[in-house]
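The values are calculated or read from the model by the stated rules, or taken from the named source; none is laboratory data. Everything numeric in this text was worked out from a predicted model, so none of it was measured. No Cβ is skipped: glycine too gets one built from the backbone with ideal geometry, and neighbour counts run over all protein chains shown. Heads up: the accessible areas ignore ligands, DNA and RNA and are worked out on the full protein's heavy atoms, side chains in. Shrake-Rupley method; radii C 1.70, N 1.55, O 1.52, S 1.80 Å.
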Amino acid sequence: MGLLGMMIGSTAKAMSRELRAIELNNTGMELYYAGNYSEALRYFSQALVLMPLNETYRNNKQMCLDAMRY
């Protein structure tokens with residue numbers, strides 16, 4: 001595989017990770033709004049494993065933790 005092929009493969013993997021993180025976050029939000037905080041937390045955490053610098057996912061996880069305290 002040439003350099004271009006490796007670059008395309010690398011970009012596709014990054015996009016795949018990002019799309020999976022979006023799906024996980026969206027499911028987490030559905031669970032959060034349904035009041036299932038512990039399950040939502042699991043999905044937000046998984047999204048952060050894939051995209052650890054994403055502030056939205058981090059904020060959603062914190063929002064969930066806060067809701068679990070009350």
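A few remarks follow.
- Summed residue charge, Cβ within 9 Å of Leu48's Cβ, Lys/Arg positive, Asp/Glu negative: +2
- Of the residues Thr11, Tyr33, Leu65, the one whose Cα sits farthest toward the positive end of the charge dipole of the chain, with +1 on the Cβ of Lys and Arg and -1 on the Cβ of Asp and Glu, is Thr11.
- 17 Å cut-off, amide nitrogen to a point 7 angstrom out along Glu30 Cα→Cβ, residues in the range 44-67: 44-47
- In the chain, the portion of solvent-accessible area held by carbon and sulfur atoms comes to 60 percent [1.4 Å probe, whole percent, DNA, RNA and ligands not counted].
- Tilt relative to the chain, helix 3-33 - C-alpha long axis, 0 to 90 degrees, to 10: 10 degrees
- 0 to 90° range, to nearest 10: angle between helix 55-69 axis and the chain longest Cα axis: 20 degrees
- Considering helices alone, the calculated mean residue ellipticity of the chain at 222 nm is -29500 deg cm²/dmol, with DSSP H runs of length four and up weighted by -39500 (n - 2.57) and normalised per residue.
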